[in-house]
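Chemist: Starting off with a structure, shown below.
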Amino acid sequence: MHTTDGKASKHIHLIGICGTAMASLAGMLQQQGHRVTGSDSAAYPPMSDQLRTMGIHVAEPYAATNLKPRPDLVVVGNAISRGNVELEHVLDTRISFCSMAALLHDEFIAGRESLVVAGTHGKTTTTSMLAWIYEVASRNDAMFAPSFLIGGVAENFGTSFMVRPVVGSARPPFLIEGDEYDTAFFDKGPKFLHYFPDAAILTHVEFDHADIYDDLAAVKTAFKRLVNLIPRRGRLVAFDGSENVSECVAKAFCFVERYGFDPESYWRVSKLRHEGSVSSWRLDRGGEFFADLTLPMAGEHNAMNATAAAALASGQGVPVVAIVEALATFKSVKRRLEVRAKVAGVTVIDDFAHHPTAIRETLRALREAYPGRRIWAVLEPRSNTLRRNVFAEALVDSLALADAVVLAQVFKSESIPVAERLHPEEVVAGLNARGVPAELHADADAIVDALVPELRSGDVVAILSNGGFGGIYEKLPAALAVEFAGVS
């Protein structure tokens, strides 16, 4: 058996297959003609749904028997540590293994034009916008037909990945979300250092991933290393509203184009307006009119994401007419301000919030999209950053933008040293001191029981988590349906 590019097909097993990027890689490898198996400890949507649709079985829990028959290659997810029974079996029996990022480069990026979207915030949405811009442009010119890997399900495509063949000597575009998180237990450098960008976007630089970065300086060092990989002929589109970003791009050897609201920016946004869930603005390039853009998404941050995608695409030769059409027809990303249900006038929103800044921008966007409505924030401190107390004060500041807040206990708090652990009761106290009603409950079931009697028609409930959150996305709408049965 051979793959689509003529190579011998392999049996490839992925440990930690339900991670967003790992699940996408599984589909890409299957599409190439490889036999793909995988395992994980917990599968939840949307990636579990995507794997099921592709017919890729997820073995649960981890077990050495999942590696029988012996695979040709094992991909070790970055969440997998020594002590994992499958990893120990791989090491004991000397099965060949590698990281996700290294395999992505070798199998899919090499031979294509690498376009990397990096930054603390906005990577997934911006990459999705860029992919859709290229897809719309490809309707008139096949050279723009994109291959891509996105850290979420792009609703315009219904998938998180797409791979198109390399034909002849052409270098078709490969668009990838550049994650600054570490690569694997044996490679503690950022994933994006494997992607060798020809051009890149840098959205924001803030302290994040407190489990692997000691401080902001360490985060900035990682982004500086990415910038240093861009060749002189390349381009870097970088946000102009951040001193951290400015520091990271200061010594770039490539062309640097800044975007934002600054009158001196090469890509300047002006006349930004929000009407419900629609944003519109004027975009100038080099002091001259470029386009009037419309985006069916609320939030200043989403307008900035779209501007970055437009800027990179235009610099790579994509026609402005395709950029305008694509942004006007963009359908967002699963788990980014996604409406999960509307029951008895209550709107339930799912957002992949993982950092106080992301929470702040989400709540600001909801204020714009749902003016005059009561906004509830329901937060599970689940990311490695939010589970720590490093952002406790910033978390209070962000959540205070809601009308009422409900917190769950810290996810797997026992794995965080007590001195570093977030104490959600202190966040609740801080919110109450500001006059924002806030409560703490043990888990999703307790939250649903406490929340449902308090909700009324017109309320918007933003569920903020980067995980499954105990099934609350299904449990809350179901409980609302029971509570308001017979109410139109």
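The values are calculated or read from the model by the stated rules, or taken from the named source; none is laboratory data. Source: prediction; values computed, not measured. Here the Cβ is made from the backbone with ideal geometry for all residues, glycine too, and neighbour counts use every protein chain on show. Areas reflect the complete protein model, heavy atoms only, side chains present, ligands, DNA and RNA absent. Shrake-Rupley method; radii C 1.70, N 1.55, O 1.52, S 1.80 Å.
Chemist: Show T357, T93 ordered by accessible area, largest first, where the area counts protein heavy atoms only and the probe is 1.4 Å. Provide the component values of the computation, followed by the final result.
Modeler: Values: T357 20, T93 50 Å².
Descending order: T93, T357.
Chemist: Another one. Could you go through the range 275-285 in sequence order and give the Karplus-derived ³J(HN,Hα) for each residue, using 6.51 cos²θ - 1.76 cosθ + 1.60 with θ = phi - 60°, rounded to whole Hz, and x for Gly and Pro?
Modeler: Coupling constants for the range 275-285: 10, x, 9, 10, 10, 9, 6, 9, 10, 9, 10 Hz.
Chemist: Compute the distance in nm between two label points, each set 7 Å from the Cα along the Cα-to-Cβ direction, one at E243 and one at T53.
Modeler: In this crude spin-label approximation the distance works out to 4.5 nm.
Chemist: Right, another one. Measuring with a 1.4 Å probe in the full set of protein chains, what accessible area per residue, in whole Å², belongs to the range 216-351?
Modeler: Working: 5930 Å² over 136 residues.
Accessible area per residue, the range 216-351: 44 Å².
Chemist: Got a sec to turn the phi values of the range 140-154 into Karplus ³J(HN,Hα) couplings, 6.51 cos²θ - 1.76 cosθ + 1.60 with θ = phi - 60°, whole Hz, x for Gly and Pro?
Modeler: 10, 8, 4, 5, 8, 4, x, 9, 7, 9, 10, x, x, 8, 6
Chemist: Additional query: Which value, in Å² and to the nearest 10, is the accessible area of R52 when all protein chains are kept and the probe is 1.4 Å?
Modeler: Near enough 150 Å² of accessible area.
Chemist: Quick check: net charge around G471, other residues with Cβ under 11 Å of its Cβ, Lys/Arg +1 and Asp/Glu -1?
Modeler: On the way: positive: K475; negative: D443, D445, E474.
Result for the local shell: -2.
Chemist: Further question: Kirkwood Rh and Cα-based Rg: tell me the resulting Rg over Rh for the range 231-285, rounded to two decimals. Show your work: numbers first, answer last.
Modeler: Working: Rg = 13.4 Å, Rh = 12.4 Å.
Over the Cα atoms of the range 231-285, Rg/Rh equals 1.08.
Chemist: Also: Give the relative contact order (percent, whole number) for the chain; include only Cα pairs under 8 Å separated by 6+ residues.
Modeler: It rounds to 11 percent for the chain.
Chemist: Also, I was wondering about something else. Given a Förster distance of 22 angstrom, what is the FRET efficiency for E60 paired with Q31, based on the Cβ-Cβ distance and rounded to 0.05? Show your work: numbers first, answer last.
Modeler: On the way: r = 24 Å, r/R0 = 1.08.
About 0.40, to the nearest 0.05.
Chemist: Note down the nm distance, to one decimal, between modelled labels 7 Å out along Cα→Cβ at D445 and at V320.
Modeler: Rounded to a tenth, the inter-label distance reads 5.9 nm.
Chemist: Which value in nm describes the separation of the simple spin-label points at R94 and A145, placed 7 Å from the Cα toward the beta carbon?
Modeler: 4.4
Chemist: Write down the accessible area per residue of the range 2-119 in Å², having rolled a 1.4 Å probe over the full set of protein chains.
Modeler: 40
Chemist: Excluding V117 itself, calculate the net charge of residues whose Cβ lies under 9 Å from the Cβ of V117, where each Lys or Arg counts +1 and each Asp or Glu counts -1. Please list the in-between numbers first.
Modeler: Details: positive: K123; negative: E177.
Overall, the nearby charge balance is 0.
Chemist: When we measure straight from the Cα of K10, which lysines land under 21 angstrom away, once same-chain ones fewer than 8 places off are left out?
Modeler: Partners found: K68.
Chemist: To one decimal place, what Kirkwood hydrodynamic radius in Å is obtained for the range 191-293 from all pairs of distinct Cα atoms? Before the final figure, lay out each step's value.
Modeler: Values: mean 1/r = 0.0667 Å⁻¹.
The answer is 15.0 Å.
Chemist: Could you tell me the center-to-center distance, by alpha carbons, between the range 24-73 and the range 189-239 in angstrom?
Modeler: The two parts, judged by their Cα centres, are 30 Å apart.
Chemist: Accessible area of K123, 1.4 Å probe, to the nearest 10 Å²?
Modeler: Only protein atoms counted, so the area is about 20 Å².
Chemist: Could you pull out the pairs from K123/K224; K188/K224; K188/K220; K220/K334 whose alpha carbons sit more than 21 Å apart here?
Modeler: Details: K123/K224 17 Å; K188/K224 16 Å; K188/K220 16 Å; K220/K334 29 Å.
Exceeds cut-off: K220/K334.
Chemist: At most 14 other C-beta atoms within 10 Å and a DSSP loop state: those are the exposed GluC sites (Glu not before Pro) I care about. Give me the longest piece of the chain that has none. Don't jump to the answer; show the numbers that get you there.
Modeler: Numbers: sites that count: E264, E420.
Answer from the scan: 1-263.
Chemist: Using alpha carbon centroids, what distance separates the range 305-336 and the range 437-477, in Å?
Modeler: Value for the Cα centre distance between the two parts: 34 Å.
Chemist: Which net charge results for the neighbourhood of V460, defined as the other residues with beta-carbon distances under 14 angstrom from its beta-carbon, given Lys and Arg at +1 and Asp and Glu at -1?
Modeler: On the way: positive: R340, K342, R364, R367, R373, R374, R456; negative: E338, D350, D351, E368, D403, E454, D459.
Residues near V460 contribute 0 overall.
Chemist: Right, here's the next one. Using θ = phi - 60° and the Karplus relation 6.51 cos²θ - 1.76 cosθ + 1.60, list the HN-Hα couplings for the range 190-195 in order, rounded to whole Hz, with x at every Gly or Pro.
Modeler: x, 4, 5, 6, 8, 9
Chemist: Could you please put D187, D449 in sequence from largest to smallest accessible area, using a 1.4 Å probe? It would help to have the intermediate numbers written out before the result.
Modeler: On the way: D187 40, D449 115 Å².
Final ranking, largest accessible area leading: D449, D187.
Chemist: State the percentage of accessible surface on the chain attributable to carbon and sulfur atoms; use a 1.4 Å probe and exclude ligands, DNA and RNA. Please report the intermediate quantities before stating the final value.
Modeler: Values: 10070 of 19690 Å².
It is 51 percent, rounded to a whole number.
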